[in-house]
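The values are calculated or read from the model by the stated rules, or taken from the named source; none is laboratory data. All of these numbers come straight from a predicted model, not from anything done at the bench. FYI the Cβ positions are ideal-geometry reconstructions off the backbone, even for glycines, and counts take in every protein chain you see. In case anyone asks, the SASA skips ligands and DNA or RNA and just uses the protein heavy atoms, side chains included. Shrake-Rupley method; radii C 1.70, N 1.55, O 1.52, S 1.80 Å.
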Amino acid sequence: MGDATAFSSMDEFCGSTFWDANETWWTTDPDFTPCFEQTVLVWAPCAFFWLFMLFDFWYLKASLDKNIPWNRLNISKLLINVGLLVVTALDLIMSFVKKGGDSELPLYGVDIWTPIIKLLTFLMVLMFIPLNRKYGVQTSGCQFMFWFLLTIFSIPRCRTEARLHQERGQIIGSQQAEPHDFTWETYQFASFFIFFAFTCLMLILNCFADQLPRQTKYYRGPKEIPELSASFLSRITYSWFDRMALKGYRNPLEEKDLWDLRPQDSCKEVMPTFAHYWNKNVRKNYKRASGGQEPKAQFSNGKVSFENPQSNGRKKGMASIMPPIYRSFGGIFLFGSFFKLITDILTFAQPQVLSLIIGYVEDFAKVPQPEWKGIMYSILLFVLASAQTFILAQYFHRMFIVGLRIRTALINCIYRKALRISNAARKASTVGEIVNLMAVDAQRFMDLTTYLNMLWSAPLQIALALYFLWQQLGPSVLAGLAVMIIMIPLNGFIASRIKTYQIRQMKYKDERVKLMNEVLSGIKVLKLYAWEPSFEKQVLDIRDKEIATLRATAYLNASTSFLWSCAPFLVSLVTFATYLLSNEANQLSVEKVFVSLALFDIMKLPLTIIPMLTVDIAETQVSVQRINKFLNSEELDPNNVQHDASKPHPMSIENGHFSWGDEDEMTLKNINMQVPKNNLVAIVGTVGSGKSSVIQALLGEMEKISGTVNTVGKMAYVPQQAWIQNATVRDNILFGKPYDRKRYNKVIDACALRTDIEILSAGDLTEVGEKGINLSGGQKQRISLARAVYHNADLYLLDDPLSAVDSHVGKHIFEEVIGPKGMLAKKTRVLVTHGITFLPQTDKIYVMKMGEISENGTYAELLKNRGAFADFLMQHLQEGEEEEEELNQIKRQLSQTDPALVAPFEKAILLARTESLSDSISVTSADSLMGGSLRRRGKRQDSYDSNASAASLKKKQEVEGKLIETEKSQTGGVDFAVYKHYIKSVGIFLSVATLVLNFVFQAFQIGSNLWLTQWSNDKAVEHDTGLRNMYLGVYGAFGFGQGVFAYIAVVIVYCGGLKAAKTLHNQLLNQVMRGSICRFFDITPLGRILNSFSADMDVIDEELPATMDSFMTFIFMVLATIVVISISTPIFLAVIVPIGFIYYFAQRFYVATSRQLMRLESVSRSPIYSHFGETVTGVSTIRAYTVQDRFIEESDNKVDKNQVCKYPSLIANRWLAVRLEMVGNLIILFASLFAVLGGQTNPGLVGLSVSYALQVTQTLNWLVRMSSDIETNIVSVERIKEYGETKQEAAWELEEDKKKPKNWPEDGRVEFKDFQVRYREGLELVLRGVSFNISGGQKVGIVGRTGAGKSSLTLALFRIIESAGGKILIDGIDIATMGLHMLRSRLTIIPQDPVLFSGSLRSNLDPFEVKTDDEIWKALELSHLKAFAKSLTAGLNHEISEGGENLSVGQRQLVCLARALLRKTKVLVLDEATAAVDLETDDLIQKTIRSEFRECTVLTIAHRLNTILDSDKVIVLDKGQITEFDAPSALLADPKSAFFSMAKDANLV
């Protein structure tokens, strides 16, 4: 009744009928009444505009730009709009003129109100044109939608007006009628069509965006992202992304092809908002201390300053990051949520339309219906699906933006905090953990934002589904729901089991990678000892455990998938069964069946997401706590150091007590020191006396407990451990200062860096690896010093900068830089030093002892005191640290100051002399082997490498450069060969089985659905319960078959995947273990090999099988859909071909672009974290130079750069989704159209084909994702396959070995015949024709300067490097003719660097477990380790940590000796440690070797001549040739010999 009254009042308003069902619905020629057309169809678009206008105002407010120039587009919009206003105004005037009053036409409400509403709306639109222009808004969605709706809704009236016009023409044409006055109707006809034309034009104009604004807040260059100036239409369809997709399809994308970041997402825009809310939150959380003023932020950077939660306020609780996140990003998030709500509602409209279509077909079978209804339903279904596609894309887009911004805010917030965190707080967590906050925790937020709305959306979807299902099936629905709910804990239980297995598997994986890391780091030693098989077995054992765990996980995964495929089926089975059995009257109709199935399908997703979501939220909760803890941790107190310029001296500490943040432990007590202007003050003292701590106190890095510290002026600081950035050498020295060539060159010469820079491959533009990996200690130290000198500060804090450099370099640096005549002579400087030579030239010396200053004064004063300083000098001399000339210099200085002291010092000097070195410029002779990392030992490292090694280093770096490039450039598709390799690894049987099983599974699924159709169409069931039960039973059987095959299919896929993983891992391990040292390990960074063992294996273990599984499922699902639709409407096959083409192209474009974008994104992501890690390690240097702002900016830029790569890849996803879902929507449209038009009379088949079509969009979408995932993941297989081509060394075992004598070599004769060798093809020879003969049992010393080829000689003996000419005979057998293991296991070497592996002491001595305990104890006794081993609780099973960290260096050396004693072969090679480990150990080793290896041939590479003076022969090598070969006594007798001059240098003659 209410409807009727409403209609009648509308009838009065119009003066004609408002709604006539017979005219509109129950007819073959539907039409609306003129009244409806002039009211509802006009008012609706206007109402839409007024409702959504608010958004347009918001965009005006949020716009960053201003002032768009007038142009054709906005002027034509303006003119047409004015035209519309004129037409509408005319309508209003004409209705007053032509109607009402005297005229016979009455005036109705509609004639007045409709024009007025139109007038107001057009005025509003008109207002927006100049407003948008002024505020730089280039397009408006609200206006586009308004014109679009207005145009669409005007179409029915078009038809009406045209028909009326025709009728009028006929009336006028027919003669008999009396003359009519048609002026009003004719006017309406004309005015409407002008209005309609203008509306269409406005719609077309609104498809384009306006020009670029003139004033922009940020520079908008040629590379700006097209989205900013894209029109609304282009934004909805993402067609602005087409260019990128096309470009990426043609050539692999590179960084230069990417667009700039949208200003709204950049740090400059995100940070100030976030900081503003964070600071508010901090103030709220920390009450101000009474009377204290508001703490301001400590560092401001542009507009961004973060407040310190710790500053002296009393805590009310931790300041959390959540409120600021809600406040900063909540707006967009809610806007996105609104979209989500709309799509959820639209989702439920689809099953309703489906039921209409089924109803239509059912009725059609009885009473033919007008065809337009069927077409309308199909189009309605298509429109609903399309609307959902576009809105969902916008929703995801919004969520991604929020996620990105939250990540940006968190990363930058964490970075800024890390620069201010106090040392105590920093020690609480490792650098790795702090970096993880950024890498893992901030990332987690981003992943969560997309799903967060499911918290309300999932329950809403479930509730709606239940409501509609209740309408269909009544209370029986609850049975189905019960099944679903039981599934949840089941799934949860399986998930938790999977989790425990994953944790276990991670543990194994970590163990395996750790072991691999050790193996790869110590590979040279393994090869020298021929121990590879033992370690290979260890790795494989761990791997087997790992595979077993993975297999268990696979079965669990299969059972989840079993539940998944059974769940929807079980639910429908239980529901239908309950429905039928609960009441005889209940029957299944087609409509009920398919609508219910569609609704169950909708419920499936939210039900599975809820448990996943809870886990994700819990994990994010943990992340929030971790980030909060870090952001609330203590900061350095800026008041630790005052800057009071009125104090007399630029640096002073008065009564200072300091600690490293542990309140109880005082590191420094009553420190008083003054550093007068331009003075050089030295701090000396024994190790651990607190010298460096004083420097840290001056920097304000230590907690000040009491006293005052004061510094005035700019600081420069050289830390003890040089902190080098991953940048070029030049950038490291400039450190953000502008480049001034003259000054720069002066600094480089003063710091003795000139020669080093010449050696480097690209001069001072050579990139320094992370942590300065490709520089020696001395080089790093000098670069760090050069940075300070170049910085030109006022105050210099030098923390032992001369420790890592050679004495003569040190002297040069002191004279040129630090000393009274150096570059810093006019600066105030504090120098911590061990070098006693320089002390006389300092202005004042402070002597530290146990954290206190024990005495101070000038050099002369301190010597007179005979206190701690004199002891310090004595101790230093006895350690034998100084060079000959220095000893004399000290002696001279002593005799000048205090002659009485000379006698005791003479004694110390004598001691020091005898141990001086022959080889004063020594780089570990293995440096060429240790990957060129020039590991230098001890204090006597030198930077001036001999030319030979410089050249080889240069070559090496060029080669390394090239190698690293090839790694990066994996572009384009993956070869089919790689897939073939993978399928081979899986095995043909399993591969075929997978296909067959998936096929059978789908067949069962289609079968069960066809059976349902058959059942619901069968009218006989209503009266025959037996028939009904038969249908039910068969349906159940189909379902059971489905489940079983689903389970087996998944198990097979996973088993195949694991089989492949096992094969690939074993191949990889095999290849790497047999890799040649010089031709493979030296030129491949360890990190890259390790990466293959960890990351790539991880992908092959876990991701590939899962991806393959999903891929199979989806591909068969798509096929099933096509089959089903084609069964019901065969004509559909005609449409499939063009649709397939569209799909294929979208997919190709997407995969090419997206894959490359993902690669770029991951490449640009790691610099954020490595830069952060670098910052955390070098934070004290950064603070000392006060360059925090520069580092913050660098970090911001790196984050922005990552977003530049990330954003397009997210858009690529949306771009694809919109394209593919439209393809899916077309499938829906055609499936339903053909079903309706084809005169299909079987409603069941129609329902089936349409409901399959409804599912297809998601499936298609996933299919593309999966295929691109497979392409991404298969790259790992490609990499591992590439290792198959590595350079291998010769065979380990040969058949001929068995014929050789068992106890070879018996005598130990070693003979070199014209032997030549080079490290790799293309490098120069290191040994150039060496010939000599050593008879069994002789002791031979090999000496020569660095780079003369001493180490190469021993490596050649072990065939680590293969001969390039000539041969080596041992006992007359050419070593090139035997297997490597036979050769290497019969020789023994005591290497230079003692390498130990983690494991028991026993496994380090005897990895193959072939020796008895007694033998091992005997060896330990001889190597003087027995007492130590006895003292250990575990004895021989004592666990040695990675690299032998828990033994001292001396003990490690002795373990290596014990290894040699255990093997006891005829030939022993002794590579002496460069820096004496300590004299005691050294003597022990020498004694043992003399006694135990009396009968053996011993080759010693000597660095100290006194150790080989008693040998039988000496070989003197120079530049790869033997210059002298004779008994030492003979050579010493000849003053012209090189050996003699060496001995003279060492003061032995």
**Solvent-accessible area of Thr449 with every protein chain in place, 1.4 Å probe, in Å² to the nearest 10** = 10 Å²
**Asked** Given 0.36 nm per residue, what is the gain on full extension from Asp740 to Trp43 after removing their alpha carbon distance, in nm?
**Response** 243.7 nm
**Request:** Please work out the C-alpha center-to-center distance from region 114-150 to region 547-576 and express it in whole Å.
**Result:** 54 Å
**Message:** For the full complex of protein chains and a 1.4 angstrom probe, list His981, His276 by accessible area with the highest value first.
**Reply:** His276, His981
**Request:** Counting other Cβ atoms within 10 Å, keep those with at most 12, restrict to DSSP loop, and tell me which chymotrypsin sites (Phe, Trp or Tyr not before Pro) in region 1380-1419 are left.
**Result:** Phe1408
**Message:** Helix 976-986 against the longest principal axis of the chain: what's the angle in degrees, Cα atoms only, rounded to the nearest 10?
**Reply:** 80 degrees
**Message:** Keeping every protein chain present and rolling a 1.4 Å probe, give me the accessible area per residue for the chain in Å².
**Reply:** 42 Å²
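Looking at the chain only, what percent of DSSP beta bridges run antiparallel? Nearest 5 please. Don't skip to the end; give the middle numbers.
Details: 48 of 84 bridges.
Given both bridge residues lie in the chain, the antiparallel proportion sits at roughly 55 percent.
Report the local net charge at Tyr982: Lys and Arg +1, Asp and Glu -1, summed over other residues whose C-beta lies under 10 Å from its C-beta. Don't skip to the end; give the middle numbers.
On the way: positive: Lys980, Lys984, Lys1281; negative: Glu1278.
Every neighbour counted, the sum reads +2.
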**Message:** Counting only other residues whose beta carbon sits under 10 Å from that of Asp1307, what net charge do I get with K and R as +1, D and E as -1?
**Reply:** -1
**Request:** Grab the beta carbon distance between Ala428 and Ser1166, set R0 = 22 Å, and tell me the FRET efficiency rounded to 0.05.
**Result:** 0.30
**Asked** To the nearest 10 degrees, how steeply does helix 371-418 sit against the main Cα axis of the chain, on a 0 to 90 scale?
**Response** 30 degrees
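Sort region 1257-1404 into rounded, prolate or oblate with this rule: let a ≥ b ≥ c be the square roots of the eigenvalues of the Cα gyration tensor; rounded if a/c is under 1.5, and if a/c is not under 1.5, prolate when a/b is larger than b/c, oblate otherwise. Let's see the in-between values first.
On the way: a/c = 2.59, a/b = 2.29, b/c = 1.13.
Prolate is the answer for region 1257-1404, as a/c is 1.5 or above and a/b outweighs b/c.
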**Request:** Would you give the gap between the C-alpha center of region 735-808 and the C-alpha center of region 1004-1075, rounded to a whole Å?
**Result:** 68 Å
**Prompt:** Which of Leu1505, Leu460, Met376 sits closest to the plus end of the dipole of the chain, meaning its Cα is farthest towards the positive end, when Lys and Arg get +1 and Asp and Glu get -1 on the C-beta?
**Reply:** Leu1505
**Request:** Would you mind getting me the FRET efficiency between Leu119 and Thr27? Use the beta-carbon distance for r and R0 = 30 Å, nearest 0.05.
**Result:** 0.30
**Item:** Modelled FRET efficiency - R0 51 Å, Glu1439 with Leu212, Cβ distances, 0.05 increments
**Value:** 0.15
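Around Leu73, what is the net charge, scoring Lys/Arg as +1 and Asp/Glu as -1 over all other residues with Cβ under 13 Å from its Cβ?
Its environment carries a net charge of +2.
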**Prompt:** Can you give the extra length, in nm with one decimal, that the chain gains between Arg168 and Lys1418 once fully stretched, where that is 0.36 nm per residue apart less the Cα-Cα distance?
**Reply:** 437.6 nm
**Separation in nanometres of the label points that stand 7 Å from Cα toward Cβ, at Ala463 and Lys1426** = 8.3 nm
**Message:** Given an 8 Å cut-off on Cα distances and at least 6 residues of separation, report the relative contact order of the chain as a percent.
**Reply:** 10 percent
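State the percentage of accessible surface on region 46-88 attributable to carbon and sulfur atoms; use a 1.4 Å probe and exclude ligands, DNA and RNA.
Details: 1780 of 2310 Å².
For region 46-88, the apolar C and S fraction of the accessible surface comes to 77 percent.
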**Message:** Using the Cα centre of region 741-791 as origin and beta-carbon charges of +1 (Lys, Arg) and -1 (Asp, Glu), tell me which of Ala752, Val768, Gly778 is placed farthest towards the positive end of the dipole.
**Reply:** Ala752
**Request:** May I ask you to give the percent of accessible area on region 1093-1154 that is carbon plus sulfur, with a probe radius of 1.4 Å?
**Result:** 80 percent
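Which chymotrypsin sites (Phe, Trp or Tyr not before Pro) from region 50-97 combine a DSSP loop assignment with at most 14 other Cβ atoms within 10 Å? The partial results should precede the final answer.
Details: sites: Trp50, Phe52, Phe55, Phe57, Trp58, Tyr59, Trp70, Phe96; in loops: Trp70.
In loop regions of region 50-97 (DSSP not H, G, I, E or B), the sparsely surrounded chymotrypsin sites (Phe, Trp or Tyr not before Pro) are Trp70.
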**Item:** Test item: Cα-centred dipole of the chain, Lys/Arg +1 and Asp/Glu -1 on Cβ, debye
**Value:** 2320 debye
**Request:** Can you pull the one-decimal nm distance between simple spin-label points at Glu1362 and Ile112, each 7 Å off the Cα toward Cβ?
**Result:** 10.5 nm
**Fill in**
Taking alpha-carbon centroids only, region 436-473 lies from region 1202-1259 a number of Å equal to 22 Å
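Starting from the Cα gyration tensor of the chain, take the square roots of the eigenvalues, sort them a ≥ b ≥ c, and report rounded, prolate or oblate (rounded when a/c is under 1.5, otherwise prolate if a/b is larger than b/c, else oblate).
Numbers: a/c = 2.85, a/b = 1.82, b/c = 1.57.
Cα axes put the chain in the prolate bin.
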**Item:** Accessible area (Å², 1.4 Å probe, nearest 10) - Val40
**Value:** 50 Å²
**Complete:** Charge dipole of region 1386-1505 built from unit charges on the beta carbon (Lys, Arg +1; Asp, Glu -1), centred at mean Cα; most positive-end Cα among Ser1403, Cys1496, Ser1431 is Cys1496
**Message:** As an exercise, identify the GluC sites (Glu not before Pro) in region 644-706 lying in DSSP coil whose Cβ has no more than 11 other Cβ atoms within 10 Å.
**Reply:** Glu663, Glu665
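For region 1184-1342, what % of the accessible area comes from carbon and sulfur atoms, probe 1.4 Å?
Values: 2980 of 5950 Å².
On region 1184-1342, the fraction of accessible area on carbon and sulfur atoms equals 50 percent.
When only the heavy atoms of the protein chains count and the probe is 1.4 Å, how do Leu469, Leu1032 rank by accessible area, highest first? Working shown, then result.
On the way: Leu469 0, Leu1032 25 Å².
From most accessible down to least: Leu1032, Leu469.
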**Fill in**
Measuring from the longest principal axis of the C-alpha atoms of the chain, the long axis of helix 72-98 (C-alpha) lies at a number of degrees, nearest 10, equal to 20 degrees
**Request:** Give me the distance in nm between label points sitting 7 Å out from Cα along the Cα-to-Cβ direction at Ile379 and Ser1331, one decimal.
**Result:** 10.1 nm
